[in-house]
1. Could you please find all residues in the range 389-420 being in contact with a Ser or Thr (Cβ under 7 Å, 6 or more places away or on another chain) and in a loop (DSSP other than H, G, I, E, B)?
2. In the range 95-129, which residues are aromatic (Phe, Trp, Tyr) and modelled with pLDDT of 90 or more?
3. With the checklist (1) aliphatic (A, V, I, L, M); (2) more than 24 Å from ILE430 (Cβ to Cβ); (3) in contact with a Gly (Cβ under 6 Å, 6 or more places away or on another chain) in hand, flag the one item LEU402 doesn't pass.
4. State which residue is modelled with the lowest pLDDT when the search covers only the range 426-449 and only residues that are among the hydrophobic types (A, V, I, L, M, F, W, C) and within 16 Å of GLU266 (Cα to Cα).
5. Check LEU376, LEU372, LEU432, LEU355 and return the single one that is assigned by TED's automatic domain parsing to the domain that holds ASN329, surrounded by fewer than 18 Cβ atoms within 10 Å (Cβ to Cβ) and in contact with a strand residue (DSSP E or B) (Cβ under 7 Å, 6 or more places away or on another chain).
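The values are calculated or read from the model by the stated rules, or taken from the named source; none is laboratory data. None of the values given here were measured: they were computed from a predicted structure. Counting neighbours? That spans all protein chains shown, and the Cβs are built from the backbone with ideal geometry, glycine included.
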Amino acid sequence: MEKASGPHFSGFHSPTATASSSPFSDANAPNPPFVIGVSGGTASGKTTVCDMIIQQLHDHRVVLVNQDSFYRGLTAEELKRVHEYNFDHPDAFDTEQLLDCVLMLKSGQSVQVPIYDFKHHQRSSDSFRQVNASDVIILEGILVFHDQRVRNLMNMKIFVDTDADVRLSRRIKRDTVDRGRDVSSVLEQYAKFVKPAFDDFVLPSKKYADVIIPRGGDNHVAIDLIVQHIYTKLGQHGICKIYPNANVIQSTFQIRGMHTLIRDQEISKHDFVFYSDRLIRLVVEHGLGHLPFIEKQVITPTGSIYTGVDFCKKLCGVSIVRSGESMENALRACCKGIKIGKILIHRDGDDGKQLIYEKLPKDISERHVLLLDPVLATGNSANHAIELLIQKGVPESHIIFLNLVSAPEGIHCVCKRFPSLKIVTSEIDIALNGEFRVVPGMGEFGDRYFGTDD
């Protein structure tokens, strides 16, 4: 068995038994895989296009499923007359098995993809390629658009359009070098089967494509646009589609790795603080990007004019004591001399409505406020803090709430009540459990950060 495919890390979570039933289960459910079909004539550059898409989608799990893997093994009689066998006809493929494979991957299951030997025209009987469920499934082959059932599984259909002479020269090189054939047999097969099949089956399927890429892998502009579209589809958590004022920073291996560390109950306090601080800094930087700015021109040391932007000057931070205080250093590191206020709210159960203490800048009504709390759970304490800021004269649209982890229930509670406020978080977890804790969560963040846990 070959090594499992799909080394890219996923940002999606699997439900756990501890999570309580959430009214946002549909919005919070893992997004189904994004299925891309890539078709085109033989040697048109389909694989190159697929490789470029995979490379650019580096922070998502991506698997490539080749239609060629699903060639039917030839019978003894067919092998005797192999030069008369049409490998470019739809009947040469086991489409039913291909359908089953894609359906299983879309449902989150792993599959065993056959390995086809092009020299002996048989499938391997004792080995296969295991492909795991992934964020993105790329289905590549000359006839992947031919069967409507296969087309219906695709979220995006790409046709790679390359000049026929270029395709023929590539086919000759590939079949002689990789598949052990001689030039004359390749040309004979091309004239007898490949070109007629292209005209009869492949070219007519071009009309089903959502995107046509001329010049294949050389068309970097088209591939960049495709990747950006895929990112848009993958990057939105379900609840962010409901509340556009909820923002999740773009996940990367670094971010996922740091989340893995700080969520581990065995991590040392020193490492927990170190990696939490790194994540907090990223969230703060992202939150600052939502502040208003004005255009500004400066003269560079070369005497040239550089047109840039000038930061918002009137801002302050407000931490919800005590966990929010863990975010203050990152804010001070990003904003020189920034004023920071504090709000202490006693949380008994999940109501979070008893104000104990507040100390805020006197001119806070004139400032944009970065509200700090690393975990957004029920949202009740956050709502109380936001209400206080509004009572002090801060416009709702001037408040940006920064946290590391959010529960869908908390986002709903805050965003529904304050639609002009922005939330910036690094991950949205599954739900709250029966004890109103975020799961999988990080435990009591303040205790772990300040070293007061058991």
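1. LYS392, GLY393, VAL394, SER420
2. TYR116
3. For LEU402, the exception is condition (2).
4. Across the range 426-449, the extreme among qualifying residues is MET442.
5. LEU355
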